[in-house]
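Inspection log for the structure reproduced underneath, given as structure tokens.
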Number of protein chains: 2
Amino acid sequence: MAYIMNDYSKSIRPLILVTNDDGVRAPGLKAMVDAVKDLGEVIVVAPAQPQSGQSSALSVNKPLRINEHEDYNGVRVFSVTGTPVDCVKLGLHSIVSRKPDFLFSGINHGSNSGNAITYSGTMGAVIEGCTEGICSVGFSLLHHSLAADFSLSSELVKELATRVVTNPLTTHQCLNINIPAKVVPEGARVCRAAIGHWSEQYERYLDPQGKPFYWLTGRFINEEPNAIDTDEYWLSKNYISVVPVTPDQTLFSAIDPMSKVFNIS
Amino acid sequence: MAYIMNDYSKSIRPLILVTNDDGVRAPGLKAMVDAVKDLGEVIVVAPAQPQSGQSSALSVNKPLRINEHEDYNGVRVFSVTGTPVDCVKLGLHSIVSRKPDFLFSGINHGSNSGNAITYSGTMGAVIEGCTEGICSVGFSLLHHSLAADFSLSSELVKELATRVVTNPLTTHQCLNINIPAKVVPEGARVCRAAIGHWSEQYERYLDPQGKPFYWLTGRFINEEPNAIDTDEYWLSKNYISVVPVTPDQTLFSAIDPMSKVFNIS
């Protein structure tokens, strides 16, 4: 599968695959379509059910279904009964007629800054697209309210997506873009992800038989609260954060020092 | 939660958390315990059901249960009704009495080389442990047969785990170790993960009502078949591969060039 670069001289409109992790019925998905529908030919392949926190999980031990839904603003909409990665993989295999030029994932309902990329299904889809050689970008809105108005961020997403389409990313690079909830951000900054972890908190309940069960809660602990080059910093200053992401998690700087400890002849 | 460094001068044995993604009943889990039980105080917290391909997925929209199982060779064994990341998070919160000094995940039934780290539940647990400040290592055996004999690899895992315990990793570093299926590897090499992707193949079936469904298949496509510094290369030469892994997926080298395109004042 060679990457079909968009060649504007041939007047072929780029094919844009839109997906998300909040599911095919999420308002943010429609806002994503609205933001990019003028940039090319758009097709939606999104999870049938919400898939928040599904990371790069894929379905290995169960079958998948594809369903087509009502068009949205002239765009065909499909769902897959799996994870965001399943949507990308099965979408490429069985739904799209040619390899997409771009993949846009979102607009996610809530932040994916800091190390949320590790758990984010939104970014799982982006990393999958990138691994497949597609120029892929995830968008998240820092708004957890059910009443979040994605239309306000749609113009910002359109501006950034246009920059992506006119300046496609290099192979093996993708982007994690987070947008502050305020209507008018100060601007946008390319930056690194803040190092941190989630406070491991669980609510403990007792079922009617008196047996305990647990429900995840907790919040992100920024381990670098004083750093001024992280996504957390720029978001706190009401800027959009744009983090370049690599699917390759090799820590290259550790190869030489670790060789002294772990190489065995 | 401060990281309690093991201080041998105080004769406190390190606490070792063992987990996996093949589930609490997997033979590889017992082999993992056998390999590390002499290195400290061991406790097992593993998924109640197999979780292959679950990556760093976590359960946000469902409750979790903890169950205790029969001891294995004097080691207490717990299961969590969720993903490998759920095991680490809930294990730290509600099962272990103090923060573990080490986390060993595996021995996985099958390879996690190349970009399998993206999808691997084995490595999802490792990255979670690392993010929590625990020295964390994943082990996988390149053997997909149900009859895989993990006892043969247990000595190799013990040798490598001993090196980890006597040379704890720096914070924000973890390891992805793959072991060839042959009984006696040539040795071990610290190296990088091969860049590649999975061929997107699905078997297509028709259900009794004639409606199609799909089941994932496919194989890893090494995009660097001629590189001689990757895990795929060393495994092909019958060496154990040891890949240093970072949870932080920021592509630092892209921050400056991308700033010219995406920074907005």
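If you find the alpha carbon centre of region A:88-114 and of region A:132-162, how far apart are they in angstrom?
First find each Cα centre; the distance between them is then 13 Å.
Among the DSSP beta bridges whose two residues both lie in chain A, what percent are antiparallel, rounded to the nearest 5? Each step should come with its number before you reach the end.
Working: 18 of 47 bridges.
For chain A, the DSSP antiparallel bridge percentage is about 40.
Taking the Cα centre of each part, how many Å lie between region B:61-85 and region B:181-220?
Between the Cα centres of region B:61-85 and region B:181-220 lies a distance of 28 Å.
With contacts defined as alpha carbon pairs under 8 Å and 6 or more residues apart, what's the relative contact order of region A:147-265 in percent?
Numbers: 139 pairs, mean separation 38.5, N = 119.
Result for region A:147-265 is 32 percent.
Given the options B:ALA148, B:ALA125, B:ALA31, state which has the largest fluctuation in a GNM of chain B using a 10 Å cut-off (strictly under) for Cα springs.
Of B:ALA148, B:ALA125, B:ALA31, the Gaussian network model singles out B:ALA148 as fluctuating most.
Based solely on C-alpha atoms, express the radius of gyration and the Dmax of the protein assembly as shown in angstrom.
Considering the protein assembly as shown through its Cα atoms, Rg and Dmax are 22.6, 73 Å.
How many percent of the alpha carbon pairs in region B:43-104 exceed a separation of 20 Å?
Values: 426 of 1891 pairs.
For region B:43-104, the share of Cα pairs beyond 20 Å comes to 23 percent.
Under a point spin-label approximation (7 Å from Cα along Cα-to-Cβ), what is the A:GLU224-B:ARG219 distance to one decimal in nm?
Distance between label points: 4.1 nm.
Find, among the trypsin sites (Lys or Arg not before Pro) in region B:45-112, those assigned to loop by DSSP (not H, G, I, E, B) with at most 12 other beta-carbon atoms within 10 angstrom. List each step's numbers first, then the result.
Values: sites: B:ARG65, B:ARG76, B:LYS89, B:ARG98; in loops: B:ARG65, B:ARG98.
Here the trypsin sites (Lys or Arg not before Pro) that fit, given the DSSP loop and packing criteria, are B:ARG98.
Would you mind counting up the charge near A:GLU232? Only other residues with Cβ under 12 Å from its Cβ, with Lys and Arg at +1 and Asp and Glu at -1. Before the final figure, lay out each step's value.
Working: positive: A:ARG189, A:ARG192, A:LYS237; negative: A:GLU223, A:GLU224, A:ASP229, A:ASP231.
Charge balance in the 12 Å sphere: -1.
Counting DSSP beta bridges in the protein assembly as shown, what percent are antiparallel, to the nearest 5? Don't jump to the answer; show the numbers that get you there.
Working: 42 of 100 bridges.
Here the share of antiparallel DSSP bridges comes out near 40 percent.
For a quick check: with amide H placed at 1.01 Å from N, whose amide H comes under 5 Å from B:ILE221's, ignoring anything fewer than 5 positions away on the same chain?
B:HIS197, B:TRP198, B:SER199
How large is Rg over Rh for region A:1-122, taking Rg from the Cα atoms and Rh as the Kirkwood inverse mean of 1/r across Cα pairs? Numbers along the way, then the final one.
Values: Rg = 14.1 Å, Rh = 14.6 Å.
For region A:1-122, the value is 0.96.
Do the alpha carbons of any pairs in A:LYS30/B:LYS62; A:LYS30/A:LYS89; A:LYS37/B:LYS260; B:LYS62/B:LYS211; A:LYS158/B:LYS211 sit beyond 32 Å of each other, and which pairs?
Details: A:LYS30/B:LYS62 26 Å; A:LYS30/A:LYS89 21 Å; A:LYS37/B:LYS260 25 Å; B:LYS62/B:LYS211 30 Å; A:LYS158/B:LYS211 37 Å.
Over 32 Å Cα-Cα: A:LYS158/B:LYS211.
Count charges around B:GLY121 for me, please; just the other residues with Cβ under 11 Å from its Cβ, Lys/Arg as +1, Asp/Glu as -1. Walk me through the numbers before you get to the answer.
Values: positive: none; negative: B:ASP21, B:ASP22, B:ASP86, B:GLU128.
Overall, the nearby charge balance is -4.
Given N residues in region B:80-143, what is its alpha carbon radius of gyration divided by 2.2 N^0.38 Å?
Values: Rg = 11.8 Å, N = 64, 2.2 N^0.38 = 10.7 Å.
The reported ratio for this selection is 1.10.
Once the label point is set 7 Å along the Cα-to-beta-carbon vector, what list of distances in nm do you get between B:ASN167 and its counterparts in the other copies?
Values, ascending and in nm: 4.2.
Evaluate 2.2 N^0.38 Å with N set to the residue count of chain B, then give the Cα radius of gyration divided by it. Write down the numbers at each step before the final one.
On the way: Rg = 19.4 Å, N = 265, 2.2 N^0.38 = 18.3 Å.
The reported ratio for this selection is 1.06.
Name the long-range amide H neighbours of A:SER136: under 5 Å, sequence gap of 5 or more, or other chain; modelled H, no Pro or chain starts.
Answer set, sorted by chain and number: A:LEU103, A:LEU175.
Let me see the P(r) profile for region A:221-265: every Cα-Cα distance counted, bins of 5 Å, each bin given as a percent of all pairs.
P(r) over region A:221-265, rounded to whole percents: 5, 16, 14, 14, 15, 13, 10, 7, 5, 2, 1.
Which cysteines in the protein assembly as shown lack any other cysteine whose Cβ sits under 4.7 Å from their own Cβ?
So, A:CYS87, A:CYS135, A:CYS191, B:CYS87, B:CYS135, B:CYS191.
Given a Förster distance of 25 Å, report the FRET efficiency between A:GLN209 and B:ASP71 from their Cβ-Cβ distance, rounded to the nearest 0.05. List each step's numbers first, then the result.
Details: r = 25 Å, r/R0 = 1.00.
It comes out at approximately 0.50.
Return the percentage of antiparallel bridges among DSSP beta bridges fully within region B:10-135, rounded to the nearest 5 %.
Details: 5 of 19 bridges.
Among the beta bridges of region B:10-135, antiparallel pairing accounts for roughly 25 percent.
What residues have an amide H closer than 5 Å to that of B:THR83, excluding those fewer than 5 places away on the same chain, when H is modeled at 1.01 Å from N in the peptide plane?
Long-range HN contacts for B:THR83: B:SER59.
Would you calculate the volume per residue, in Å³, of the smallest convex hull containing every Cα atom of region B:179-245? Don't skip to the answer; put the middle values down first.
On the way: hull volume 7.5 nm³, N = 67.
Here the figure is 112 Å³ per residue.
When Lys and Arg each count +1 and Asp and Glu each count -1, what net charge do the other residues less than 11 Å away from B:PHE252, Cβ to Cβ, add up to? Provide the component values of the computation, followed by the final result.
Values: positive: A:ARG192; negative: A:ASP229, B:ASP248, B:ASP256.
For residues surrounding B:PHE252, the net value is -2.
Given springs between every Cα pair under 10 Å in a Gaussian network model of chain A, which of A:THR166, A:THR230, A:THR19 has the largest fluctuation?
Of the options given, A:THR166 has the highest mean-square fluctuation.
Please check: in the Gaussian network model of chain A (C-alpha springs, under 10 Å), which one of A:ASP101, A:ASP248, A:ASP34 has the largest mean-square fluctuation.
A:ASP248
Got a sec to turn the phi values of region A:220-236 into Karplus ³J(HN,Hα) couplings, 6.51 cos²θ - 1.76 cosθ + 1.60 with θ = phi - 60°, whole Hz, x for Gly and Pro?
6, 9, 6, 7, 10, x, 9, 6, 10, 10, 10, 4, 4, 5, 5, 5, 5
In deg cm²/dmol and to the nearest 500, what is the mean residue ellipticity at 222 nm of chain A if only DSSP H runs of at least 4 residues count, each as -39500 (n - 2.57), divided by the residue total? Write down the numbers at each step before the final one.
Values: 6 runs with 62 residues, N = 265.
It lands at -7000 deg cm²/dmol.
Values in this text are rule-based calculations from the coordinates and carry no lab data. In this text the structure is predicted, and so the values were computed from the model without any measurement. Methodologically, a virtual Cβ is constructed for each residue, glycine included, from the backbone with ideal geometry; neighbour enumeration extends over all protein chains shown.
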